[in-house]
Amino acid sequence: MEIPFLELKSQYQAIREEIEQVIGSVFNSGRFVGGESVRAFESAFANKCGVKYAISCGNATDGLFMAMKSMGIGKGDEVLVPAMTWISDSAMVSLCGAKPVFVDVEEDFFCIHPKDMASKITKKTKAVLIVHLYGQTAQMDELRELTHLQQIGIIEDCAQAHFAEFDGKKAGSFGQTGVFSFYPSKTMGAYGDAGCVITQHSDMADFIRKFANHGAEHKNDHLFEGINSRMDSLQAAVLLVKMNHIDRWIAKKNVIAQWYKEQLQEVADISLPQIRSKARHTFHIFAIRCKQRDELKEFLAKNGIQTEIHYPKALPFLKPYHHLKHKESDFPIAARLEKELLSLPIYPELTRSQVSYLCDKIKLFYLG
Ligand SMILES: *Cc1c(COP(=O)(O)O)cnc(C)c1O
């Protein structure tokens, strides 16, 4: 049996008629950037996230950059960043002219560790980048209390947490800004790059909309220097179609997560993802912690099963941050996780027999 890590073709086949219809109307409109479909998507997305504004952009990396710009983050500022995430977070802090300060992550849920975060706050700390890793939100009660007390801003990286919830509120609606990626492999993916920033603040929304369009509201009327980061009309039309299916797909992923749990519970050498109290997990990634991770990965590959590692190196240990001279003991949890985490395939089209085959191979590896 062959089990790819991700398989996007079956999803397309299932919604093909709807997609072809909207692609046809975008092509016939003759408008390929912005326009009607982009406006409709922004309003539907803001609505579903429970916020006032959604500003579309080219990708989440640009979105993070613009979100921080809109909050006035720049030279002399420090921004707290979890040690275990994608490099966009720390890289965009640096490109804003500020300094990323790394924080260790939680043992059980892998998001930013509130206690370690508290210990890293200085007079220069302007904001924290809260990453809702793998489809589950961070500990928002503790983090909100802490940021409120210390008067620091929150940027939420929701690239992996579309429609995840904490205490009934959607990811992205807690901070000043929330940033989403619609890269094809994400929980809700376009057919190319796309992203967006959500906010409740009209001044930030206004700034980001102009910043993403060369600092202009109207052509040639440049109010300040900005960048070009806009959403294609085609991607917006595709995303609007997918919004009608996304809740069902997320529910199915929760069912698959349950299949994994039932079948892998007995394996003492691995620990399964846990659900935080008050949280709605969307299982963007199903990451287990395991002994002999690299050997298991290779064994599964030999049996036709593709897995991934998110992430093989914690950010502080990557080359761009060598100058900070961090040691493994600075981030003991992240340092362990990079050796133990393994992401198993999880997508709505995965069948029960595929999951059983996969779990049997894991049991064979550990239990013989
Ligand atoms: C994918 C991802 C990003 C970057 O998104 P792009 O749209 O590819 O720029 C940022 N942060 C996290 C946590 C991600 O998973």
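When the stretch 153-186 is examined, which residues are found to be of a type in the set (Phe, Trp, Tyr), more than 11 Å from the ligand (Cβ to nearest atom) and part of a strand (DSSP E or B)? Hit for the stretch 153-186 is Phe166, nothing else.
Check the stretch 285-295 and report whether any residue there is assigned to a loop (DSSP other than H, G, I, E, B), closer than 19 Å to Ala161 by Cα and within 16 Å of the ligand (Cβ to nearest atom). For the stretch 285-295, residues assigned to a loop (DSSP other than H, G, I, E, B), closer than 19 Å to Ala161 by Cα and within 16 Å of the ligand (Cβ to nearest atom): present.
Residues that are polar (S, T, N, Q) and within 16 Å of the ligand (Cβ to nearest atom): find the helices (runs of 4 or more DSSP H) completely inside the stretch 29-132 holding 3 or more of those. Before the answer, list the steps.
Working: elements: 36-49, 60-70, 88-95, 114-120.
Those helices (runs of 4 or more DSSP H) span 88-95.
Evaluating Ile15 against the criteria (1) open to solvent by less than 10 Å² (accessible area, probe 1.4 Å); (2) within 19 Å of the chain's Cα centre (by Cα); (3) among the aliphatic types (A, V, I, L, M) leaves one unmet condition, (2). Quickly run through the stretch 296-323 and pick out the residues that are free of Cβ contacts under 8 Å to residues at least 40 places away in the same chain and open to solvent by 50 Å² or more (accessible area, probe 1.4 Å). The answer is Glu298, Ala301, Lys302, Pro312, Lys313, Lys319, His322, His323. Checked against the criteria, Arg276 does not count as in contact with a strand residue (DSSP E or B) (Cβ under 9 Å, 6 or more places away or on another chain), outside any loop (DSSP other than H, G, I, E, B), more than 16 Å from the ligand (Cβ to nearest atom) and in contact (Cβ under 8 Å) with a residue 40 or more places away in the chain.
Based on what the data block shows, is Ala335 in contact with a helix residue (DSSP H, G or I) (Cβ under 8 Å, 6 or more places away or on another chain), without any contact (Cβ under 8 Å) to a residue 40 or more places away in the chain and closer than 19 Å to Ser90 by Cα?
On the way: in contact with a helix residue (DSSP H, G or I) (Cβ under 8 Å, 6 or more places away or on another chain): yes; without any contact (Cβ under 8 Å) to a residue 40 or more places away in the chain: yes; closer than 19 Å to Ser90 by Cα: yes.
It is true that Ala335 is in contact with a helix residue (DSSP H, G or I) (Cβ under 8 Å, 6 or more places away or on another chain), without any contact (Cβ under 8 Å) to a residue 40 or more places away in the chain and closer than 19 Å to Ser90 by Cα.
The values are calculated or read from the model by the stated rules, or taken from the named source; none is laboratory data. Only a predicted model underlies this, so the values are computations on that prediction, with no experimental measurement involved. Heads up, the Cβs are rebuilt from the backbone with ideal geometry, glycines too, and the neighbour counts pull from every protein chain shown. Only protein heavy atoms, including side chains, enter the accessible area calculation; ligands, DNA and RNA are left aside. Shrake-Rupley method; radii C 1.70, N 1.55, O 1.52, S 1.80 Å.
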